[in-house]
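Everything below concerns the one structure shown next.
The values are calculated or read from the model by the stated rules, or taken from the named source; none is laboratory data. Worth saying up front: this structure is predicted, and the values here are computed from it rather than measured. Note: ideal-geometry Cβ built from the backbone for every residue, glycine included; neighbour counts use all protein chains shown.
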């Protein structure tokens, strides 16, 4: 498997099909192929060699698409960086990756100017004029001859993505072409010849996988630089989008948009979701608001990409399986392990382990960290989960987020699910705070739905109707919005730090 395979196949079969849409630009497969082969030639002339890293610090666009393919075209490794990180986090990741090139748009240009003042070559990939100390992206494409594709693949390194960065130093996850392509072919959200909308950031494994999947099946990718509910709805209507993947917080914002009903979303064939638990009430709202869409859920990590899937058929059947992350994907194997490493009985919570060709090769330059998670052929995810008798996997919590109060284990997801069933709750997060008597106490942070009202006592009483009293939050804070990562996940570590400090 090599990651540029889809590009050659598309040129052979659908050369005049629109491949990318970004702002006012639409480019066919033929045009994209030509530009990518020229950009790869420019990378080689700038000294990029097989195995080198090519860093990207930019918003989603058709150029992001071209950079990925051009990097693989010349045998190098894509190294997308989280634009929402602080300058210290960005420079730390770049210092660790040691890329040969850094391509950047206007989103963090002042920082990039500082970074490229040294030996690092900077290429401006925005829509304006390039700064004096950076090369121009379009100049490179226009003035460089195309070069042949090296067709690097299989176990050669393909991507270096950095995890988290919110708790301690971020780790670089090195994935091979086999890792990425194995996961991509297991996605169900793409439709051959369809139109996929990409609004999740490309420096996240979920967006990268969705993009790869769409290219693998063949079709058009519409890029939005970032998520904005109105822009997403307008793009679905304008481009007759057939698939989009969002996190639950984004879906909630979409459903809350005051003009939702005025947009034509009938083209939507698949709505994928993941990266965080989907409250049952939110899923039901989404199914009512978008009756023509089939729903698909995917669970995975940066180290594994997709692991389990809750299919369109599963959503149609409904029932208790809607609370699960689905069954294990065809390309990998999953095991629920107890503390001593043995397999847990069905229904018993343990750590979710994964093995298969979709698992990462290693943590970049961190052999001890790699050895800690890759043991006996299994990747240890750090996620607490259980499996039912039908093989459906239920993600309970991050092991690190499990709350131990008075000797009892409390999984934040079950408390969040109990709170989320209250009609006034738009979003909630449950964390453990230090407690002198109990070790930890259960604490909730809640965002109320627009125009809704609820008291702390009311929500605690509501939760107590479905969970044990020791699991009910001892206190609840009301906030206007949750702190979210670039992937749309609630930053519980930040909430915890703020509350402890406060």
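Summed over the stretch 300-312, the residues that are buried (at least 23 other Cβ atoms within 10 Å of the Cβ) and assigned to a loop (DSSP other than H, G, I, E, B) give a count of 2. Conditions: (1) farther than 20 Å from residue 99 by Cα; (2) surrounded by fewer than 22 Cβ atoms within 10 Å (Cβ to Cβ). Residue 47 meets all but one. Number of the miss? Result: residue 47 fails condition (1) only. Scanning the stretch 257-265 turns up no residue that is within 25 Å of residue 62 (Cβ to Cβ), touching a strand residue (DSSP E or B) at 6+ places or on another chain (Cβ under 8 Å), surrounded by fewer than 18 Cβ atoms within 10 Å (Cβ to Cβ) and modelled with pLDDT of 95 or more. Identification of helices (runs of 4 or more DSSP H) wholly contained in the stretch 37-136 with 1 or more residues that are within 23 Å of residue 485 (Cβ to Cβ) and modelled with pLDDT of 95 or more yields 62-73, 87-97.
In the stretch 181-189, the count of residues that are within 18 Å of residue 266 (Cα to Cα) and either buried (at least 21 other Cβ atoms within 10 Å of the Cβ) or in contact with a strand residue (DSSP E or B) (Cβ under 8 Å, 6 or more places away or on another chain) (or both) is one or more.
Take residue 374 and tell me if it is surrounded by 14 or more Cβ atoms within 10 Å (Cβ to Cβ), in contact with a strand residue (DSSP E or B) (Cβ under 9 Å, 6 or more places away or on another chain) and under 23 Å from residue 273 (Cα atoms). No; evaluated as a whole, the condition is false for this residue.
To keep it simple, each residue is scored yes or no on (1) in contact (Cβ under 8 Å) with a residue 12 or more places away in the chain; (2) surrounded by fewer than 13 Cβ atoms within 10 Å (Cβ to Cβ); (3) in contact with a helix residue (DSSP H, G or I) (Cβ under 8 Å, 6 or more places away or on another chain).
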{"residue": "405", "(1), (2), (3)": "yes, no, yes"}
{"residue": "413", "(1), (2), (3)": "yes, no, no"}
{"residue": "433", "(1), (2), (3)": "yes, no, yes"}
{"residue": "461", "(1), (2), (3)": "no, yes, no"}
{"residue": "473", "(1), (2), (3)": "yes, no, yes"}
{"residue": "497", "(1), (2), (3)": "no, no, no"}
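Evaluating residue 240 against the criteria (1) surrounded by fewer than 21 Cβ atoms within 10 Å (Cβ to Cβ); (2) at pLDDT below 95; (3) at positive phi leaves one unmet condition, (2). Taking the condition under 30 Å from residue 119 (Cβ atoms), outside the structural domain of residue 111 (by TED's automatic domain parsing), in contact with a strand residue (DSSP E or B) (Cβ under 8 Å, 6 or more places away or on another chain) and crowded, with 19+ Cβ neighbours inside 10 Å, does residue 61 pass? Criteria not met by residue 61. Going by what's in this entry, would residue 101 be described as in the same structural domain as residue 68 (by TED's automatic domain parsing), closer than 27 Å to residue 24 by Cβ, out of contact with any strand residue (DSSP E or B) (no Cβ under 6 Å at 6 or more places or on another chain) and touching a residue at least 40 places away in the same chain (Cβ under 8 Å)? When the stated conditions are applied, residue 101 does not pass them.
The single condition among (1) within 29 Å of the chain's Cα centre (by Cα); (2) in a helix (DSSP H, G or I); (3) surrounded by fewer than 17 Cβ atoms within 10 Å (Cβ to Cβ) that residue 390 does not satisfy is (2). When the strands (runs of 3 or more DSSP E) confined to the stretch 145-261 are screened for residues that are within 19 Å of residue 17 (Cα to Cα) and touching a residue at least 40 places away in the same chain (Cβ under 8 Å), those reaching at least 1 such residues are found at 195-198, 220-223, 243-246. When restricted to residues that are assigned to a loop (DSSP other than H, G, I, E, B) and either under 17 Å from residue 204 (Cβ atoms) or touching a residue at least 24 places away in the same chain (Cβ under 8 Å) (or both), the stretch 267-299 contains 11. Does residue 454 satisfy the condition of being under 21 Å from residue 253 (Cα atoms) and buried (at least 22 other Cβ atoms within 10 Å of the Cβ)? No: the conditions fail for residue 454. Going by the structure shown, is residue 221 over 18 Å from residue 331 (Cβ atoms) and touching a helix residue (DSSP H, G or I) at 6+ places or on another chain (Cβ under 7 Å)? Spelling it out, residue 221 is indeed over 18 Å from residue 331 (Cβ atoms) and touching a helix residue (DSSP H, G or I) at 6+ places or on another chain (Cβ under 7 Å). Comparison of 140, 160 shows that the only residue that is at pLDDT 95 or above, within 25 Å of residue 493 (Cβ to Cβ) and in contact with a helix residue (DSSP H, G or I) (Cβ under 7 Å, 6 or more places away or on another chain) is 160.
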